[in-house]
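Heads up: the structure comes next, in structure tokens.
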Number of protein chains: 2
Amino acid sequence: MATVESLTAQIAEQSALLNELRKQQAEGPEVEEVKKRLGDLKRTLGQMSGGSSREGGKKKERILLKTPKGTRDYSPAEMHCREHIERIVKDCFTTYGGSCLDTPVFERKEILAGKYGEDAKLIFDLKDQGGEELALRYDHTVPLARYLAMNGATTQAKLWQVGKVYRRDNPVMSKGRMREFTQADFDIAGVYDTMIPDAEIVGLLCTILTRLEVGEFTIKINHRKILDGIFEVCGVPLDKIRTISSAVDKLDKMPWADVKKEMTEEKGLDGAVADKIGEYVKHKGGPALLEQLSADATLMANASAKLGIEEMGILFQYLEAYGVVDKISFDMSLARGLDYYTGIIYEAITEASAPPGFTAANAFAATPETAPAPAPAPPAKKDKKKKPAGEEEDEEIDESKVGVGSIAAGGRYDGLVGMFTAAAAGEGKKAAQLPCIGVSIGMDRIFAIVWPRWVERGMRSKDTMAYVMAAGDGLLTERLRLVQELRAAGIKTDFMFKRKPKLPAQFTAGERDEVPFAIILGEEEIKAGLVTVKEQRWEVVGGEKRKIENEDKGVKIARSQLIDWIKGTPTYQGWSTGKLI
Amino acid sequence: MATVESLTAQIAEQSALLNELRKQQAEGPEVEEVKKRLGDLKRTLGQMSGGSSREGGKKKERILLKTPKGTRDYSPAEMHCREHIERIVKDCFTTYGGSCLDTPVFERKEILAGKYGEDAKLIFDLKDQGGEELALRYDHTVPLARYLAMNGATTQAKLWQVGKVYRRDNPVMSKGRMREFTQADFDIAGVYDTMIPDAEIVGLLCTILTRLEVGEFTIKINHRKILDGIFEVCGVPLDKIRTISSAVDKLDKMPWADVKKEMTEEKGLDGAVADKIGEYVKHKGGPALLEQLSADATLMANASAKLGIEEMGILFQYLEAYGVVDKISFDMSLARGLDYYTGIIYEAITEASAPPGFTAANAFAATPETAPAPAPAPPAKKDKKKKPAGEEEDEEIDESKVGVGSIAAGGRYDGLVGMFTAAAAGEGKKAAQLPCIGVSIGMDRIFAIVWPRWVERGMRSKDTMAYVMAAGDGLLTERLRLVQELRAAGIKTDFMFKRKPKLPAQFTAGERDEVPFAIILGEEEIKAGLVTVKEQRWEVVGGEKRKIENEDKGVKIARSQLIDWIKGTPTYQGWSTGKLI
């Protein structure tokens, strides 16, 4: 019944035991016994590996210590920054009246089927181990819609989720484009007066990005109804609307000339139709652009476009009250890839979003037909269609040519919940509809922007406030008691895991964590009911964090007053009210 | 290029458009155009489903709206409770000096191989879609060890992780035993003085369970070295130690007679050897039991047992300083299933842990050989070995006969990181060792205990503090401005998404969320620079939450003073200092 693995584990265990005995300088039969046991185990393992056993027979292979492609670990210092980001996002979500929802990381495959258009090939499937066909979630939107359809689609609710989602895409790790990544979603479900939830979501997004200090940002907004109207008016055939829409969506990273080529050469659109589309989608602006479109009689004769333009007018009016109009760009080239959007769509971008050297402003400035393009970035990915199916794409991506992309995106999807209720009810049955609108914030992309600044500012990597030390004979029990007292009072406290540590070693350990309060116990002080407290400060000099040295020997404080004393310091109060130190 | 799915999405979109036009009572060519489009789309879809297209041909099947087996959604009210639990656990982790780590949800399959003994069959694999072989993580311990091995195994660190892990086991949903479940782990890696980190982990676990108010709990502790010593002394053959250990571990849910049967009949152990084991493993107690073992010459002659007993002595001494000895039961039947433990092991249990009717106390009280057992619970699971491989086990479990099980567990694993460094270095190379100890808290099992009490106490399901309403003509813009002002000041605020809502409807909406401050805007008050604030309270009567009615018409407050006024109330201050309302 022993396996190679259980024997390996036992060998490790016995080796550890032998080490410990040696550390204690043990001798005699005990040690001999362990050595013998270890020998027996190793022989048994050797025999198994020799080929007689079912588990054996194959040579032990070296394993590769790495995370799967497109995924990564986050170290404690990075996580401290990520937690800060997550805390702000969640606080904004609840400040805007949101309630948290949690759905499983995997779904039944039929739930995800037919929701992602051309990107469905990026879904991670689970292996068939008997039972249901499962796949990792691709976003939070589809699981949310499934939840709403299951739980009576007549709700009015503001729901948020923060969690990991999965896409088998080509990763660009340094820009936060990963196969496993965290999205923070906020969605409003229910029938409400036109554009009020829409304005609420855009207002929320502006609040979050401002509080996260991602730098200057812009929310690009468009409306699927306007876009569909334009495609209809320009003469795009019915069955090409979605795919032409996908091509338009690439205008944030490709010049118009390349997009047009994709429309005509790859997707078979008439060149004249493409040109007409180009005339429309190059526009961006604010309420003035809306005026201009309202004056376009051809467009206003289209029911879809007209409704979209009217809704955008109402939206701008509400965004004025939210005080965020200066952050908005009505961008007619924004299309978004997903099938399920039906109303306004939006994307938040910062300076880091576009590929270096590429600006959306110059996408239409000059095309290869008229003049050499002003250094348009080459498409970062090669055409994936040429890869045989089922084979891992492992092409090299030049990360310096790729931007972070949009840091948040979303839109209105009034049909998605209804798709589920309809599919569950069966053909011909009446299904409940539930209009929804939501936004997904790309937490890894936000992190890619915030982290370098965090490092530059010399932010701490943990929040430990006190480090308890002892002079003299270690005083382990006394240290433990004081540590537990401080912790019970909510003060984050640590100490050295040594019976008789030297004082300088303890200072070094506390300084490694940049702990602001060094608390020193001594035999004499304990008798007198006192402790010594020394406050320590750090500064960033030339990109390096260093302790500010001073002659302060610390203050002696009555042990009974210690907790109140610490909590009364400006340092502690600054930390506990959320000011980062 | 159109697919069934994209057409379905377009149909949903056009239907929504038509509905909106009807809502606006639009007529004429616009409406006709949309109707025609909708007809065209439906015809195209019909033709595809008719069989001419590659995507068509199959009859549209009804889909099942459910989460995968062994997984579930958590509703907003449940998540509010889960967030409360998670907040406490994380706060304790950082109070004890821990730093957060995050690893991917899936790992390369070779990383998980050979770590889980008999339970390896429960690992969820990902489908081979080209590239690496991947599997969902089974716990946080193995990914942590992989991380430590990758990042220089010489660290001293306290690391914590909270996240989902995956096991293809038979779920018992009502008891928090699931296929996808959340574990909160805290681990201490590094070489330290004996038993100090061990005591720190046990102290931390006691702090967490006390703060979570899970009711009376016990930490059962044992030592792998003592257990191995006992097995050796009793005469268990080398290759049967792990499997006999697994059998002993079941003593918390099966009477000794059944465990003995498993040892002898299933696992081929000699009956006399089993009886000797039985004599040892029935003991539990505290320092007195340690004294007793120290006096057992046979046991003390075994190097492994002797070292274990000495270490337990040191541990108890430190736990005294942590003030938690009364929570500890030195339980010699505790074995833990995992292969990788090498030192102390522990499990936290509460009253809800054992199967109803079964108490660990009566497991040895009477065996079928001497007298009828006092209502021992039958094993809840049938023997799984009889199932053909690869087939989903879908047997019914009687949930009333199953306990919540242990709510936290862990142990020392000094060899695991070394297994990785050794496997990565290749045969014969010297590999770095890194001793570790950790604990995993079963967040779903904690939730299963805390949630019913939470409901009973009538806890709120969100933290919204203010609800802004308007009398008269809706005053939407004015409401939006005030809402944004309050939110900017950190006050969680909501309002009704209607242009001209009636006042009673707004009160009802605010009361549904049990919002404590109703803030009412009126034309006259706006002119005078005033708002009306009404504080609302709730009580639980006969298990029902209801609003305390009063004649209070609210107070008029200067608009400029509103934020300070709210923040100065006892209600707001109680909430903001963490007191739950």
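The values are calculated or read from the model by the stated rules, or taken from the named source; none is laboratory data. All figures in this text were calculated on a predicted structure; none of them were measured in a lab. Backbone-built Cβ (ideal geometry, glycine too); neighbour counts: all protein chains shown. Ligands, DNA and RNA are stripped out before the accessible areas are found, and what is left, the full protein with its side chains, is counted by its heavy atoms. Shrake-Rupley method; radii C 1.70, N 1.55, O 1.52, S 1.80 Å.
What pairs from A:LYS220/A:LYS253; B:LYS492/B:LYS567; A:LYS306/B:LYS498; A:LYS567/B:LYS90; A:LYS492/B:LYS90; B:LYS240/B:LYS276 go past 19 Å between their alpha carbons? Walk me through the intermediate numbers first.
Values: A:LYS220/A:LYS253 14 Å; B:LYS492/B:LYS567 12 Å; A:LYS306/B:LYS498 23 Å; A:LYS567/B:LYS90 21 Å; A:LYS492/B:LYS90 12 Å; B:LYS240/B:LYS276 15 Å.
Pairs exceeding the cut-off: A:LYS306/B:LYS498; A:LYS567/B:LYS90.
In deg cm²/dmol and to the nearest 500, what is the mean residue ellipticity at 222 nm of the protein assembly as shown if only DSSP H runs of at least 4 residues count, each as -39500 (n - 2.57), divided by the residue total? Mind dumping the intermediate values first?
Values: 40 runs with 449 residues, N = 1162.
Calculated mean residue ellipticity at 222 nm is -12000 deg cm²/dmol.
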Q. How much length, in nm to one decimal, is gained on full extension between A:GLU485 and A:GLU279, taken as 0.36 nm per residue of separation minus their Cα-Cα distance?
A. 67.1 nm
(Q) Taking 8 Å as the Cα distance limit and 6 or more residues as the minimum spacing, I'd like the relative contact order of the stretch B:466-576 as a percentage. (A) 24 percent
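First select every other residue whose beta carbon is under 9 angstrom from the beta carbon of A:ALA305; then total the charges, Lys and Arg +1, Asp and Glu -1.
On the way: positive: A:LYS225, A:LYS306; negative: A:ASP228, A:GLU232, A:ASP296.
My count for the surroundings of A:ALA305 gives -1.
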Q | Probe 1.4 Å, all protein chains present, accessible-area order of B:GLU310, B:GLU180, largest first | A | B:GLU310, B:GLU180
Q. Taking only protein heavy atoms and a 1.4 Å probe, what accessible area per residue, in Å², does the protein assembly as shown have with all protein chains in place?
A. 41 Å²
Q | Contact order normalised by residue count of chain A, Cα under 8 Å, 6+ apart, percent | A | 13 percent
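Using only protein heavy atoms and a 1.4 angstrom probe, determine the accessible area buried between A and B, summed over both sides, in Å² to the nearest 100. Working shown, then result.
Values: alone 30370 and 30350 Å², together 47910 Å².
Using a 1.4 Å probe, the pair buries roughly 12800 Å².
Under a Cβ-only charge scheme (Lys and Arg +1, Asp and Glu -1), can you give me the dipole magnitude of the protein assembly as shown about the Cα centre, in debye to the nearest 20? Display every interim value, and only then the final one.
Values: 168 positive and 176 negative charges, 64 e Å.
Roughly 300 debye for the protein assembly as shown.
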Q: Once you have all Cα-Cα distances for chain B, histogram them in 20 Å bins from zero and send the whole-percent values.
A: 16, 39, 30, 14, 1, 0
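Report the net charge of residues surrounding B:GLY510, where surrounding means a beta-carbon distance below 11 angstrom and charges are Lys +1, Arg +1, Asp -1, Glu -1. Before the final figure, lay out the partial values.
On the way: positive: B:ARG512, B:LYS534, B:LYS547; negative: B:ASP494, B:GLU511, B:ASP513, B:GLU514.
That works out to -1.
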Q) So if we plug the beta-carbon distance of A:ALA558 and B:ASP119 into 1/(1 + (r/R0)^6) with R0 = 60 Å, what FRET efficiency do we get, rounded to 0.05? A) 0.65
Q. Taking the label point as lying 7 angstrom from Cα along the Cα-to-Cβ axis, what are the distances from B:GLY458 to the corresponding position in the remaining copies, in ascending order and in nanometres?
A. 5.3
Q) Residues of the stretch B:286-333 with accessible area at least 40 Å² lower in the all-protein-chain context than alone (1.4 Å probe)? A) B:ALA303, B:LEU307, B:TYR318, B:ALA321, B:TYR322
Q. Measuring from label point to label point, each 7 Å out along Cα→Cβ, what is the A:GLU351 to A:ASP193 span in nm?
A. 4.1 nm
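When you have a sec, figure out the Kirkwood radius of the protein assembly as shown from all distinct Cα pair distances and drop it here in Å to one decimal?
Working: mean 1/r = 0.0303 Å⁻¹.
Taking the inverse mean of 1/r over all distinct Cα pairs, the protein assembly as shown comes out at 33.0 Å.
If I take all pairs of Cα atoms in the stretch A:218-338, what percentage of them are more than 25 Å from each other? Don't jump to the answer; show the numbers that get you there.
Details: 1566 of 7260 pairs.
Percentage above 25 Å: 22.
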**Q.** Whole-percent pair-distance distribution, where bins are 10 Å wide, for the alpha carbons of the stretch B:466-576
**A.** 14, 49, 31, 6, 0
Q. Using a label position 7 Å from Cα in the Cα→Cβ direction, what is the ascending list of nm distances from B:ARG211 to the same site in the other copies?
A. 2.3
Q) For A:412-421, what's the mean count of beta carbons from other chains sitting within 10 Å of each residue's beta carbon? A) 4
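Would you mind telling me the share, in percent, of accessible area of chain B contributed by carbon and sulfur at probe 1.4 angstrom?
Working: 12290 of 23960 Å².
That fraction is 51 percent.
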Q.
Using protein chains only and a probe of 1.4 angstrom, how many square angstrom of A:TYR340 are accessible, to the nearest 10?
A. 10 Å²
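Using 0.36 nm per residue, how much length does the chain from B:ALA301 to B:GLU544 gain when fully extended, once their Cα-Cα distance is taken away?
Working: separation 243, 0.36 × 243 = 87.48 nm, distance 6.37 nm.
Contour length minus the Cα-Cα distance gives 81.1 nm.
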Q) What FRET efficiency would be calculated for the residue pair A:LYS502, A:LYS42, taking the C-beta separation as r and a Förster radius of 45 Å, to the nearest 0.05? A) 0.70
Q. Name the chain B residue with the Cβ nearest the axis that maps B onto A: which is it, and what is the distance in angstrom?
A. B:LYS127, 2
Q) Which is farthest toward the positive dipole end of the protein assembly as shown among A:PRO171, B:VAL541, B:GLY529, measuring Cα position about the Cα centre, with Cβ charges +1 (Lys, Arg) and -1 (Asp, Glu)? A) A:PRO171
Q) Can you list, shortest first in nanometers, how far A:GLU485 lies from the same residue in the other copies, with each label 7 Å from Cα toward Cβ? A) 4.8
Q | Cβ-based net charge around A:ALA12, under 10 Å, with every Lys or Arg adding one and every Asp or Glu removing one | A | -3
**Q.** Inter-probe distance in nm under a simple model that places probes 7 Å from Cα toward Cβ, at B:ILE314 and B:GLU511
**A.** 6.4 nm
